[in-house]
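The values are calculated or read from the model by the stated rules, or taken from the named source; none is laboratory data. Model, not experiment: these values are computed from the prediction. Note that we place each Cβ from the backbone using ideal geometry, even for glycine, and neighbour counts take in every protein chain shown. We work out accessible area using only protein heavy atoms, side chains counted, and drop any ligands, DNA or RNA first. Shrake-Rupley method; radii C 1.70, N 1.55, O 1.52, S 1.80 Å.
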Amino acid sequence: MDGADRVMRVAFGTFLGAPDPLKVFGDAQYVRPRFRAEPAWAFAATGPGGELLGSNFATRWGSYGFFGPLTVRVDAWGRGIASALMRPVMERFEQWSVRQAGLFTFPQSPRHIGLYQKFGFWPQHLTALLEKDVRPDPGIDDLPRHARLLDPGHDGELADCRTLTDRIFDGLDLTHEIRTTHAQRLGATVLTQDGAELDGFAVCHLGAGEAGSGSGFIKFAAVRPGPGTGERFEQLLNACESLAATRGLSRLVAGVNTARHDAYRRLLARNYRPWLEGVLMQRPNEPGYARPDAYVIDDLR
């Protein structure tokens with residue numbers, strides 16, 4: 001995986017104009033955790049001598065699929081390798097019979113958008129990557145009232161999460177994401193509940209891994225739809241921020257599609273600051289769960 005990690009960093013760093021492309025993501029990891037999560041969902045392109053030219057990674061959240069990072073070695077750009085790396089991913093989506101597939105890419109890049117349009121993906125709303133300073137407080141282990149950490153061995157709690165996401169998008173299921181996050185010790189899943197039904201949950205990466213040292217990253221979060229959704233969303237954010245603080249982290253990252261208008265506004269009101277924007281592309285060209293009534297955090301990077 002070292003070769004794929006290097007290709008990914010140099011490719012993104014070069015595109016973004018970083019002075020030292022290898023340092024563009026610091027110690028945050030995107031290649032290794034996704035390969036370890038499911039090696040059969042990882043794809044590579046190689047040259048005649050077996051040298052690595054690029055890689056791509058598929059992810060399945062039940063009836064929803066996405067991919068990335070898709071990266072190609074800089075000296076091999078423009079040779080059709082990205083298209084070649086798309087084909088096995090599209091085949092995998094067909095095998096999974098996903099209802100919808102999506103991706104995160106750069107809205108300012110006609111080359112990226114044109115590539116994905118060839119495979120039936122169409123640009124929709126922007127996705128904002130937001131960050132917030134958190135006051136580290138590792139001496140306190142308590143979460144807010146009505147919040148607790150999920151036990152990955154508790155099938156009932158996993159079933160409750162599936163029931164919640166299924167109400168947002170038919171078949172949406174984060175079970176694999178939750179289990180691999182815990183299995184790789186990348187973070188924890190926090191639950192909020194004040195009554196008979198689960199109110200919300202968030203898969204949080206904490207420190208080394210996709211979040212990076214000193215940071216937390218809300219990989220996915222959702223709250224039960226219906227009356228009071230906004231308040232449930234605030235309570236879940238309280239829990240995520242408290243979890244990051246108790247782990248001694250100083251920064252929390254959350255990505256939200258701007259089609260989820262109120263969720264986006266609430267994050268801004270809590271002093272989350274934009275630091276990068278991408279565009280959501282989906283196939284078929286339908287909203288899916290990128291809707292105003294869906295209080296979901298994800299960014300599909």
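Answer yes if at least one residue in the stretch 57-78 is open to solvent by 20 Å² or more (accessible area, probe 1.4 Å), farther than 21 Å from Asp5 by Cβ and in a loop (DSSP other than H, G, I, E, B), and no otherwise. Yes; the residues of the stretch 57-78 include at least one that is open to solvent by 20 Å² or more (accessible area, probe 1.4 Å), farther than 21 Å from Asp5 by Cβ and in a loop (DSSP other than H, G, I, E, B). Of the residues in the stretch 52-74, none is over 14 Å from the mean Cα position of the chain (by Cα), more than 21 Å from Gly278 (Cα to Cα) and free of Cβ contacts under 8 Å to residues at least 12 places away in the same chain. Exactly one residue among Val31, Val10 is among the β-branched types (Val, Ile, Thr) and open to solvent by 20 Å² or more (accessible area, probe 1.4 Å), and that residue is Val10.
Within the stretch 21-56, take every residue that is in a loop (DSSP other than H, G, I, E, B) and touching a helix residue (DSSP H, G or I) at 6+ places or on another chain (Cβ under 7 Å) and give me the one that is nearest to Met86 (Cα to Cα). Filtering the stretch 21-56 for residues that are in a loop (DSSP other than H, G, I, E, B) and touching a helix residue (DSSP H, G or I) at 6+ places or on another chain (Cβ under 7 Å), the one nearest to Met86 (Cα to Cα) comes out as Tyr30. The residue that is farthest from Gly216 (Cα to Cα), counting only those in the stretch 141-155 that are open to solvent by less than 80 Å² (accessible area, probe 1.4 Å) and out of contact with any Asp or Glu (no Cβ under 8 Å at 6 or more places or on another chain), is Gly153.
In this structure, Glu210 does not satisfy being without any contact (Cβ under 8 Å) to a residue 40 or more places away in the chain and more than 11 Å from Ala147 (Cβ to Cβ). With respect to Thr258, is the statement that it is farther than 24 Å from Pro39 by Cβ, surrounded by fewer than 22 Cβ atoms within 10 Å (Cβ to Cβ) and not small (Gly, Ala, Ser) true? When the stated conditions are applied, Thr258 passes them.
Taking the condition small (Gly, Ala, Ser), touching a Cys at 6+ places or on another chain (Cβ under 8 Å), open to solvent by less than 60 Å² (accessible area, probe 1.4 Å) and in contact (Cβ under 8 Å) with a residue 24 or more places away in the chain, does Ala244 pass?
Working: small (Gly, Ala, Ser): yes; touching a Cys at 6+ places or on another chain (Cβ under 8 Å): yes; open to solvent by less than 60 Å² (accessible area, probe 1.4 Å): yes; in contact (Cβ under 8 Å) with a residue 24 or more places away in the chain: yes.
Judged against the criteria, Ala244 is a match.
Cβ-Cβ distances below 7 Å connect no pair with a first residue in the stretch 188-207 that is modelled with pLDDT of 95 or more, a second residue that is assigned to a strand (DSSP E or B) and among the acidic types (Asp, Glu), and a separation of six or more residues or different chains. Confirm whether Leu191 is within 24 Å of Tyr264 (Cα to Cα), open to solvent by less than 40 Å² (accessible area, probe 1.4 Å) and touching a Phe, Trp or Tyr at 6+ places or on another chain (Cβ under 6 Å). Judged against the criteria, Leu191 is a match.
Per-residue answers, yes or no, for (1) open to solvent by less than 40 Å² (accessible area, probe 1.4 Å); (2) in contact (Cβ under 8 Å) with a residue 40 or more places away in the chain:
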residue: Ile218; (1), (2): yes, yes
residue: Glu231; (1), (2): no, no
residue: Leu249; (1), (2): yes, yes
residue: Arg270; (1), (2): yes, yes
residue: Leu280; (1), (2): yes, yes
residue: Asn285; (1), (2): no, yes
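Among the candidates Arg162, Arg135, the residue that is closer than 24 Å to Asp199 by Cα, surrounded by fewer than 19 Cβ atoms within 10 Å (Cβ to Cβ) and of a type in the set (Lys, Arg) is uniquely Arg162.
Every test in (1) farther than 12 Å from Leu130 by Cα; (2) open to solvent by 40 Å² or more (accessible area, probe 1.4 Å) is passed by Arg265 save one, and that test is (1).
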